[in-house]
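Just below is one structure, and these are the notes that go with it.
The values are calculated or read from the model by the stated rules, or taken from the named source; none is laboratory data. In this text, all values refer to a predicted model and were calculated from it rather than measured experimentally. Neighbour counts are summed over all protein chains in view; Cβ atoms, including those assigned to glycine, are modelled from backbone coordinates with ideal geometry. Areas reflect the complete protein model, heavy atoms only, side chains present, ligands, DNA and RNA absent. Shrake-Rupley method; radii C 1.70, N 1.55, O 1.52, S 1.80 Å.
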Amino acid sequence: MRLGVTQKLWLSLVGMILAVLVPVGVALNRGVSEFYYAQRRDEMTEFGARIAAFLTRAPEPGALEAVRAIAEIAGMPLLVLDTSGRVTTGTGPLAGEVGRVLDSPQIRAARAGTASVSLTRSDALPGSLLVAAVPIPAPAADGTRAGGVVLLFQPASEVEEALARVRRLLLLAAAGVFVLASALAWSLSRRVMKPLLAVRDAAEKMARGDYAVKVYAPGGDELSDLADSVNRLGEALHNLEKGRRSFFANVSHELRTPLSYLRGYSDALAEGLASEPEEVRAYGRILSEEARRLGRLVDDLFDLAKADEGRLEVRLERLDLAAVARRIASRFAASAGEKGVDLRLDGEKAVEVVGDPHRLEQVLFNLCDNALRHTPAGGSIRIAWRAEEREGRALVEVEDSGPGFQGDEERVWERFYRSDRGRSREDGGSGLGLAIVKALVEAHGGGVFARSGSRLGGACVGFWLPLAR
C-alpha cells in the first residue's frame with residue numbers, strides 16, 4: 001500500500017514518541033521497583049528493630065507471646081533466635097527456614113550486630129522471600145553487645161503483586177499518553193501537510209495551464225513563504241504564457257508580410273506576368289529585399305532565443321569604441337544623405353572597452369537604424385561617446401530630432417513594440433531592434449537607457465559598458 005506524505009510524517013512522529021516513551025517507561029519501571037523494594041526493606045528493618053527493642057525491655061516468657069501476637073496482627077511472619085541460635089518463638093510455616101539460613105552470612109552479620117535484608121528462595125512457600133535479620137541487643141559482662149536475632153519473612157510475591165498494580169497503572173497512563181500524542185501527531189501532520197498538498201494541487205493545475213490558482217498558508221513561517229513563492233510562480237508563468245502567445249502572434253504577423261511578397265512576386269514571375277526585362281529586374285529586387293528582411297527577422301529571433309536561454313555568444317577582446325562608432329557612421333552616411341539627414345559624430349579620440357566588435361557594431365547599427373527611421377527629412381542625428389572615469393564606464397548616445405518617445409521610454413525595449421503604430425513595417429522595422437540591443441549590451445555586463453528631450457529635440461537612446469582596465 002502506498003503511503004502518503006501525511007501518513008509518513010505521522011508514522012515518523014509516532015516512532016519518535018515511542019522512542020521516548022519506551023526508555024522512559026523502562027527507567028520508570030526500574031525506579032519504581034527499586035524504590036518499592038527499598039521501602040519494604042526499610043519497613044522490615046524498622047519493624048524488626050522495634051521487635052528487638054521490645055524483647056530487650058520486656059521479660060520472658062510473656063514477651064515472646066506478645067511478639068507472636070504482634071507479628072500475626074501485622075501479617076509479618078517472624079522467627080526469634082536466642083544467643084545460641086535456637087528458635088524461641090515463631091509464626092507461620094517458615095520455622096524450617098532457620099535451619100537453612102542459620103549459618104548464612106546474613107545471620108552471622110546480625111549476631112555480630114548488623115541488620116540486613118536479602119532476597120532468598122523458600123522451600124516452604126513458592127517463589128522468593130525477603131528475609132530481614134535484625135540483632136537483639138543484650139548487655140554482656142565484658143561490655144560487648146551479644147544477643148539473639150529477629151528474622152522477618154515476607155514473600156516476594158506480595159511485593160510483586162503490589163508492583164504489578166503500579167505497573168498496570170503506569171501502562172495505562174503510558175497508553176493514554178501514546179494515544180493522545182498520536183492523535184496530536186496526526187493533527188499536526190495534517191496541519192503541516194495541508195499547505196503542501198495545496199501547493200501540489202496548485203502545481204498540477206499550473207501544469208494543465210491554470211495559472212490563476214492561489215495557495216493560502218497563514219502563519220508567516222516557511223510554509224507561508226512557500227505558498228507565496230508558488231503564487232509568484234503562477235503569476236510569472238501567467239505572464240510568460242501571455243508573452244509567449246503574444247510573441248508567436250507577432251512572429252506570425254511579421255512573417256506574413258515578407259512571405260506574402262515572396263509568394264506574390266514569385267507567382268507573378270512564374271506565370272509570366274512580368275514580361276519586360278525592367279519589370280523582371282524590379283520584381284527580382286523586391287524578392288531580394290523581402291528575402292533579406294525575412295533573413296534579418298529570423299536572425300533577430302534566433303539571437304533573442306539565445307539570450308533567453310543564456311546562450312548568447314560574445315567573444316570579448318580589447319577594442320576602441322570610438323572606432324566602432326566611426327565605422328557604423330560611415331555605413332549610414334549614404335542613407336542619411338539620401339534622406340537629407342545631418343549625421344554628426346561627437347566623441348573622444350579613443351575609448352577602450354572589452355567587448356565583441358561584431359556584436360557592438362550590431363548594437364550601434366540597430367540604434368542608428370532606429371534613429372534614421374524616426375528622423376524626418378532635413379533632421380539631424382548625433383552619435384556621441386565618452387569615458388566616465390569616475391563611474392568606470394563608457395557611455396554611447398544616439399540622438400535624433402524626431403518626435404521622441406511620447407511617454408513610451410520603458411516600453412521601447414519590448415519585443416515587437418513600435419512607438420508609432422501608424423508606421424508601416426517597411427518604415428518602422430520589425431520592432432526587435434532595441435530588444436536585440438538590450439540583450440547584447442547586458443551580455444557585455446552593461447546597461448541601456450532611453451529618454452525624450454535630447455539636445456536635438458527628439459529621442460536619445462544609448463548604452464554603457466565597463467571601461468577596459
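Reported count of residues in region 63-100, each being assigned to a helix (DSSP H, G or I), open to solvent by less than 30 Å² (accessible area, probe 1.4 Å), β-branched (Val, Ile, Thr) and at pLDDT 75 or above, is 1. Scanning region 368-391 for residues being over 21 Å from Val437 (Cα atoms) and crowded, with 19+ Cβ neighbours inside 10 Å gives a total of 2. Within the set Leu9, Leu3, the sole residue that is over 30 Å from Thr83 (Cα atoms) and buried (at least 16 other Cβ atoms within 10 Å of the Cβ) turns out to be Leu9.
Whenever a residue of region 294-323 is over 29 Å from Leu345 (Cβ atoms), its partners that are hydroxyl-bearing (Ser, Thr, Tyr) and not in a helix (DSSP H, G or I), lying with C-beta atoms within less than 6 angstrom and at least six residues away or across chains, give the pairs Leu297/Ser430.
Considering (1) open to solvent by less than 50 Å² (accessible area, probe 1.4 Å); (2) under 28 Å from Ser128 (Cα atoms); (3) polar (S, T, N, Q), the lone condition that Ser189 does not fulfil carries the number (2). Candidates are the residues of region 413-455 that are in a loop (DSSP other than H, G, I, E, B) and modelled with pLDDT of 85 or more; the one that is most open to solvent (accessible area, probe 1.4 Å) is Gly445.
The set of residues from region 34-62 being modelled with pLDDT of 85 or more and of a type in the set (Phe, Trp, Tyr) comprises Phe35, Phe47.
Show the residue pairs that are 6+ apart or on different chains and have beta-carbon atoms under 8 Å apart, the first residue being within region 226-255 and more than 30 Å from Val199 (Cβ to Cβ), the second being modelled with pLDDT under 75 and among the small types (Gly, Ala, Ser). That search, which allows pairs on different chains as well, returns Asn250/Gly431; Glu254/Ser430; Glu254/Gly431. For region 268-284, the criterion of being under 53 Å from the mean Cα position of the chain (by Cα) and free of Cβ contacts under 8 Å to residues at least 12 places away in the same chain is met by none of the residues. So which pairs qualify, if the first residue must be in region 158-177 and open to solvent by less than 80 Å² (accessible area, probe 1.4 Å), the second must be in a helix (DSSP H, G or I), the Cβ gap must be under 6 Å, and the two must be at least 6 apart or on different chains? From residues that are open to solvent by less than 80 Å² (accessible area, probe 1.4 Å), the pairs are Val159/Arg40; Leu163/Ser33; Leu163/Tyr36; Val166/Val32; Ala174/Leu21; Ala174/Gly25. Residue check: is Glu399 modelled with pLDDT of 90 or more, more than 45 Å from the chain's Cα centre (by Cα), among the acidic types (Asp, Glu) and open to solvent by less than 30 Å² (accessible area, probe 1.4 Å)? So Glu399 passes the test. Looking across region 402-412, just one residue is open to solvent by 40 Å² or more (accessible area, probe 1.4 Å) and modelled with pLDDT of 85 or more, and that is Pro403.
For region 298-330, what are the residues that are part of a helix (DSSP H, G or I), modelled with pLDDT of 90 or more, open to solvent by 40 Å² or more (accessible area, probe 1.4 Å) and not hydroxyl-bearing (Ser, Thr, Tyr)? Selection gives Arg326, Arg327.
Residue-wise test of (1) outside any loop (DSSP other than H, G, I, E, B); (2) open to solvent by 50 Å² or more (accessible area, probe 1.4 Å); (3) closer than 19 Å to Gly433 by Cβ.
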| position | (1), (2), (3) |
| --- | --- |
| Val251 | yes, no, yes |
| Pro258 | yes, no, yes |
| Leu262 | yes, no, no |
| Tyr265 | yes, yes, no |
| Leu269 | yes, yes, no |
| Glu278 | yes, yes, no |
| Glu289 | yes, yes, yes |
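Annotation note: of Val199, Val215, the sole residue that is surrounded by 15 or more Cβ atoms within 10 Å (Cβ to Cβ), in contact with a helix residue (DSSP H, G or I) (Cβ under 6 Å, 6 or more places away or on another chain) and over 30 Å from Ile17 (Cβ atoms) is Val215.
As a summary of the residue check, Ser182 satisfies the conditions (1) open to solvent by less than 60 Å² (accessible area, probe 1.4 Å); (2) outside any helix (DSSP H, G or I); (3) touching a residue at least 24 places away in the same chain (Cβ under 8 Å) except for the one numbered (2).
Within region 341-365, being open to solvent by 40 Å² or more (accessible area, probe 1.4 Å) and either in contact with a His (Cβ under 9 Å, 6 or more places away or on another chain) or among the hydrophobic types (A, V, I, L, M, F, W, C) (or both) holds for Leu343, Leu345, Ala350, Val354, Phe365.
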